[in-house]
1. Once you have the Kirkwood Rh of the chain from its Cα pairs, apply Stokes-Einstein at 10 °C and 1.306 mPa s and quote D in µm²/s.
2. Could you run the Karplus curve 6.51 cos²θ - 1.76 cosθ + 1.60 with θ = phi - 60° over the range 44-60 and give me ³J(HN,Hα) per residue in whole Hz, x for Gly and Pro?
3. Okay, helix-only estimate at 222 nm for the chain: each DSSP H run of n ≥ 4 adds -39500 (n - 2.57), divide by all residues, round to 500 deg cm²/dmol; what do you get?
4. By how many degrees, between 0 and 90 and to the nearest 10, does the Cα long axis of helix 78-88 differ from the longest principal axis of the chain?
5. Could you grab the Rg to Rh ratio for the range 48-107? Cα atoms only, Kirkwood for Rh.
6. Checking the a/c ratio against 1.5 first, then a/b against b/c, what shape does the Cα gyration tensor give for the range 22-69?
7. Could you tell me the relative contact order of the chain? Use alpha-carbon pairs under 8 Å, at least six residues apart, and round to a whole percent.
8. Go through 28, 62, 85 and say which Cα lies farthest out towards the positive end of the charge dipole of the chain; charges sit on Cβ, +1 for Lys and Arg, -1 for Asp and Glu.
Amino acid sequence: MIQCGANVNGIHNNWPFGRPLHAIATCSNIDIAKPIIELFLAQGAHADSIDSRGILPQDLASQPAVKELLLSTRKLSLKCRCAQIIVSTRINYQNYLSSNLVVFVRLHTIK
């Protein structure tokens with residue numbers, strides 16, 4: 001699906017976990033979860049993106065090994081940190097940023 005253009009950061013309202021990384025975080029088998037998490041991250045998934053409830057992927061991890069993997073691979077970029085600050089301080093950004101940056105900030109926003 002990724003090769004066909006599936007969005008690894010896309011939120012899917014029909015899924016109970018919203019984003020693909022959130023869904024795989026609930027996997028109880030690290031041998032299954034690890035290569036999928038690594039694939040998602042290699043394809044640009046944001047480990048710091050929140051779902052529609054404001055939950056991070058590692059907060060959904062059912063196994064300590066999965067949670068540790070998510071935490072160890074989480075590299076918070078300056079761009080992600082700025083988006084988090086924009087969201088947490090409730091800055092009105094929609095009219096000042098490009099459409100691409102608005103989408104990016106929304107990765108870090110509770111809907």
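1. Details: Rh = 14.4 Å.
Using the Kirkwood radius from Cα pairs, D works out to 110 µm²/s.
2. For the range 44-60, the Karplus curve yields x, 5, 9, 5, 9, 6, 9, 8, 5, 9, x, 9, 7, x, 5, 6, 9 Hz.
3. That calculation yields -13000 deg cm²/dmol at 222 nm.
4. For helix 78-88, the angle is close to 70 degrees.
5. On the way: Rg = 13.4 Å, Rh = 12.8 Å.
Value, to two decimals: 1.05.
6. Working: a/c = 2.12, a/b = 1.16, b/c = 1.83.
Verdict is oblate for the range 22-69.
7. 25 percent
8. 85
Throughout, read-outs are computed from the coordinates displayed, never taken from laboratory work. Predicted, not measured: the structure shown is a model, and the values here were computed from it. Every residue, glycine as well, gets a Cβ built from its backbone with ideal geometry; the counts of neighbours run over all protein chains shown.
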